[in-house]
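Visitor: Okay, handing you the structure first.
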C-alpha cells in the first residue's frame, strides 16, 4: 500500500503531531509513505494531479480542496482520507461571529468527497456526522519515548508559569495580561515563560521569551512548573485538541485551563490540574499551585498517567494503521 500525505509544513504543529511522527510506525506496518506540502503553484498542482493515480490513498491533513480542484482530486485519487483537528467549519475566536456559510460548505464538500474522515475530538466528529458516517476520532498524541517527566528534585528559586503555542494563538495570552500583572504583584517569586515566535510583555512579572525549536521544545517544557491553556468559550475552541495540555502532562507539569472542548476530557479538575472560568478563578488556581510545590508534582504525575493511557502515538498508531488498511 502506498499513501501520499499532504501537510501544511514540516514545522507546523498539526503536521508534526498528526502525520510526521506516525510515519515510522506506518512504514513498519508495510505502508509505503510519501509526505509533501500542499501544492502552492500551478506547476506543483500539475505534478500533484499527474502523480495521484500512483497512490492507493491520498491523506489530506486539515486543509481542504474546493470547487473544481476538489472534483479533480476525487476523480484522480483512488481513495481519500481527510484528517482535521480544528473547527475548520467555523471562524476563529477573533471573528465577530463563528458562523460562515462558505467555510461550512467547503467542509461539507471535502467530507462528502472523502472515503473516510479522522477527527481530532468528539465535537469535530459530531460536526462531521452531519455529512457522513465514515468518521472516527484519533486524538492528537505525543511520543511517550520523547516526552519524559521533569526532574522534581531540582531546586529552583522561581516558579515558572509557561505557555507554548504558535503566533495564531498568542491573542489568548494577550487577554490574560491583566491576570499576569496581578499575579506578579501577589507572587514576586513567579515568572512567565512563552515558547513561540511572538510574545507579550508585562510590567509586574518577568517574561521569558523563548523561540520555539524542535531541539529545545522538551527542555523548555520541563523548565515549566505550571502550564497554561486559556481559551474563549466558543465553537472554534470546541474544536481544539488540547495539544498544549498533552505536552505539559507529557513532562509531568500540571495545567490550568479554560474548561472548553477536549480540555475537559484531558484535565480532571483538582486532580491533574485546575479549571479556570474567570479572572478570579485564574488568580486563585494559579496561586494555589505557585505556593504548593508538592501539589504541582502530584498533579503533574497524575496528568502524565492520563496521557500515557490514551494520548500517545504508541496508543494511537494502531488505530491509524487499521483505518488506512480498511480504506
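Visitor: Determine which member of the set 325, 285, 305 is in contact (Cβ under 8 Å) with a residue 40 or more places away in the chain and out of contact with any helix residue (DSSP H, G or I) (no Cβ under 7 Å at 6 or more places or on another chain).
Guide: Only one candidate qualifies: 325.
Visitor: Test residue 151 against the stated conditions and say whether it is loosely packed, with under 14 Cβ neighbours inside 10 Å, touching a helix residue (DSSP H, G or I) at 6+ places or on another chain (Cβ under 8 Å), farther than 27 Å from residue 119 by Cα and touching a residue at least 60 places away in the same chain (Cβ under 8 Å).
Guide: Working: loosely packed, with under 14 Cβ neighbours inside 10 Å: yes; touching a helix residue (DSSP H, G or I) at 6+ places or on another chain (Cβ under 8 Å): yes; farther than 27 Å from residue 119 by Cα: yes; touching a residue at least 60 places away in the same chain (Cβ under 8 Å): yes.
Taking the combined requirement at face value, the residue satisfies it.
Visitor: Could you please give the count of residues in the stretch 123-144 that are in a loop (DSSP other than H, G, I, E, B) and free of Cβ contacts under 8 Å to residues at least 40 places away in the same chain?
Guide: Taking the stretch 123-144 first, the residues in a loop (DSSP other than H, G, I, E, B) are 129-134, 138-141, 143-144.
This time we only want the ones that are free of Cβ contacts under 8 Å to residues at least 40 places away in the same chain, so: 129-134.
Qualifying residue count for the region: 6.
Visitor: Sticking with this one: Could you go through the stretch 114-129 and let me know if any residue there is surrounded by fewer than 19 Cβ atoms within 10 Å (Cβ to Cβ), out of contact with any strand residue (DSSP E or B) (no Cβ under 7 Å at 6 or more places or on another chain) and under 23 Å from residue 242 (Cβ atoms).
Guide: At the first step, the residues of the stretch 114-129 found to be surrounded by fewer than 19 Cβ atoms within 10 Å (Cβ to Cβ) are 115, 122, 125-126, 129.
The next check asks that each one be out of contact with any strand residue (DSSP E or B) (no Cβ under 7 Å at 6 or more places or on another chain); those that pass are 126.
Narrowing further to those that are under 23 Å from residue 242 (Cβ atoms): 126.
Looking for residues that are surrounded by fewer than 19 Cβ atoms within 10 Å (Cβ to Cβ), out of contact with any strand residue (DSSP E or B) (no Cβ under 7 Å at 6 or more places or on another chain) and under 23 Å from residue 242 (Cβ atoms), one finds at least one in the stretch 114-129, hence yes.
Visitor: Any residue at all in the stretch 202-209 that's within 20 Å of residue 139 (Cβ to Cβ) and either touching a strand residue (DSSP E or B) at 6+ places or on another chain (Cβ under 7 Å) or not assigned by TED's automatic domain parsing to the domain that holds residue 170 (or both)?
Guide: no
Visitor: Among the numbered criteria (1) out of contact with any strand residue (DSSP E or B) (no Cβ under 7 Å at 6 or more places or on another chain); (2) in the same structural domain as residue 233 (by TED's automatic domain parsing); (3) at pLDDT 95 or above, which single criterion is violated by residue 168?
Guide: Of the numbered conditions (1) out of contact with any strand residue (DSSP E or B) (no Cβ under 7 Å at 6 or more places or on another chain); (2) in the same structural domain as residue 233 (by TED's automatic domain parsing); (3) at pLDDT 95 or above, the odd one out for residue 168 is (3).
Visitor: Could you count how many residues in the stretch 90-109 are part of a helix (DSSP H, G or I) and loosely packed, with under 12 Cβ neighbours inside 10 Å? Walk me through how you get there before you give the answer.
Guide: To start, the set of residues in the stretch 90-109 that are part of a helix (DSSP H, G or I) comprises 101-109.
If we keep only those that are loosely packed, with under 12 Cβ neighbours inside 10 Å as well, we get 101-102.
Summing the residues that are part of a helix (DSSP H, G or I) and loosely packed, with under 12 Cβ neighbours inside 10 Å in the stretch 90-109 gives 2.
Visitor: On to the next question. Does the stretch 40-58 contain any residue that is within 23 Å of the chain's Cα centre (by Cα), under 24 Å from residue 168 (Cβ atoms), surrounded by 15 or more Cβ atoms within 10 Å (Cβ to Cβ) and in contact (Cβ under 8 Å) with a residue 24 or more places away in the chain?
Guide: Narrowing the stretch 40-58 to residues within 23 Å of the chain's Cα centre (by Cα): 58.
Right, trim to under 24 Å from residue 168 (Cβ atoms) and you get none.
There is no residue in the stretch 40-58 that is within 23 Å of the chain's Cα centre (by Cα), under 24 Å from residue 168 (Cβ atoms), surrounded by 15 or more Cβ atoms within 10 Å (Cβ to Cβ) and in contact (Cβ under 8 Å) with a residue 24 or more places away in the chain.
Visitor: Please work out if residue 241 is in contact with a helix residue (DSSP H, G or I) (Cβ under 9 Å, 6 or more places away or on another chain), at pLDDT below 95 and either crowded, with 18+ Cβ neighbours inside 10 Å or part of a strand (DSSP E or B) (or both).
Guide: yes
Visitor: When only residues in the stretch 288-299 that are crowded, with 20+ Cβ neighbours inside 10 Å and touching a helix residue (DSSP H, G or I) at 6+ places or on another chain (Cβ under 7 Å) count, which is nearest to residue 154 (Cα to Cα)?
Guide: 296
Visitor: Select from the stretch 198-238 the residues that are exposed (fewer than 15 other Cβ atoms within 10 Å of the Cβ) and in a strand (DSSP E or B) and write down the one among them that is farthest from the chain's Cα centre (by Cα).
Guide: It comes out as 209.
The values are calculated or read from the model by the stated rules, or taken from the named source; none is laboratory data. Because the structure is a prediction, the values reported are computed rather than measured. A quick note on method: Cβ atoms are made from the backbone with ideal geometry, for glycine too, and the neighbour counts reach across all protein chains shown.
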